[in-house]
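Q: Quick one: the structure is below, questions incoming.
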Amino acid sequence: MSTPYATDGIVVGAAHLPAAGADVMVNVDPELEERPDLDAGALLAGVRRILTITTAQWRQIVDAIAGDIEEAVGDEAVIETTDLRDDLALRSVVVLPDAVLLSFAAPKQFPDSWIRAQLDEDLEVVEVIVDEKDDDVETVQFASVDDLLDHLSTSDDS
């Protein structure tokens, strides 16, 4: 994980998830208000577990997510024939004490939505939802964490 930083009790940093072939933002949320006795080692183990997942394990997760969505769509006609498994692009990972949340873009099949999946402690898919993207939210990209921190510190001054 790149140089992480803390904000509002959440640790954030960029990391590479080799099994997914993706560079993602990783957020670690200890949920301290709900779990003041939490062991930091458990959170670190959760981060390590998702970042070192094997390609085979990752494929199982992607298959489960695509399967859930395909089941929900059923026999509805689709315009895009690209396999959802090939369209899913991991964008972020959130590690909680007892779960991992994944956020995907699927630009061909769901260009106006995010696909979000919750994994349990064993990295099994528990829930999959498709959220519409909020057009009112401005997306800003930064070249580095330092640039992001500079932006945040100047934004607070205005």
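Q: As a test of reading the structure, rank L44, L101, L123 by solvent-accessible area (1.4 Å probe, protein chains only), most first. Working shown, then result.
A: Values: L44 105, L101 60, L123 20 Å².
Largest accessible area first, the list is L44, L101, L123.
Q: For the stretch 46-122, with every protein chain kept in place, what is the accessible area per residue (1.4 Å probe, Å²)?
A: Values: 4180 Å² over 77 residues.
About 54 Å² of surface per residue is accessible.
Q: May I ask you to rank T54, T82 by accessible area, largest first, using a 1.4 Å probe over the protein chains only? Spell out each step's value before the answer.
A: Numbers: T54 70, T82 35 Å².
Largest accessible area first, the list is T54, T82.
Q: May I pose another question? Taking 0.36 nm per residue of sequence separation and subtracting the Cα-Cα distance, how much length would be gained by fully extending the chain between D8 and D23, in nm to one decimal? Mind dumping the intermediate values first?
A: Values: separation 15, 0.36 × 15 = 5.40 nm, distance 2.31 nm.
In short, 3.1 nm is gained.
Q: Considering amide H positions built from the backbone, and no H for Pro or chain starts, which residues 5 or more places from E121, or on another chain, come under 5 Å of its amide H?
A: Long-range HN contacts for E121: none found.
Q: For a quick check of your reading of the filter: which GluC sites (Glu not before Pro) in the stretch 18-72 sit in a DSSP loop and have no more than 13 other Cβ atoms within 10 Å?
A: Details: sites: E31, E33, E34, E70, E71; in loops: E31, E33, E34.
Passing both the DSSP loop test and the Cβ count: E33, E34.
The values are calculated or read from the model by the stated rules, or taken from the named source; none is laboratory data. Since the model is a prediction, treat every value here as computed from it, not as a measurement. Positions of Cβ are generated from backbone atoms using ideal geometry, with glycine treated the same way; all protein chains shown enter the neighbour counts. Side chains are part of the model used for accessible areas, which takes the heavy atoms of the whole protein and leaves out ligands, DNA and RNA. Shrake-Rupley method; radii C 1.70, N 1.55, O 1.52, S 1.80 Å.
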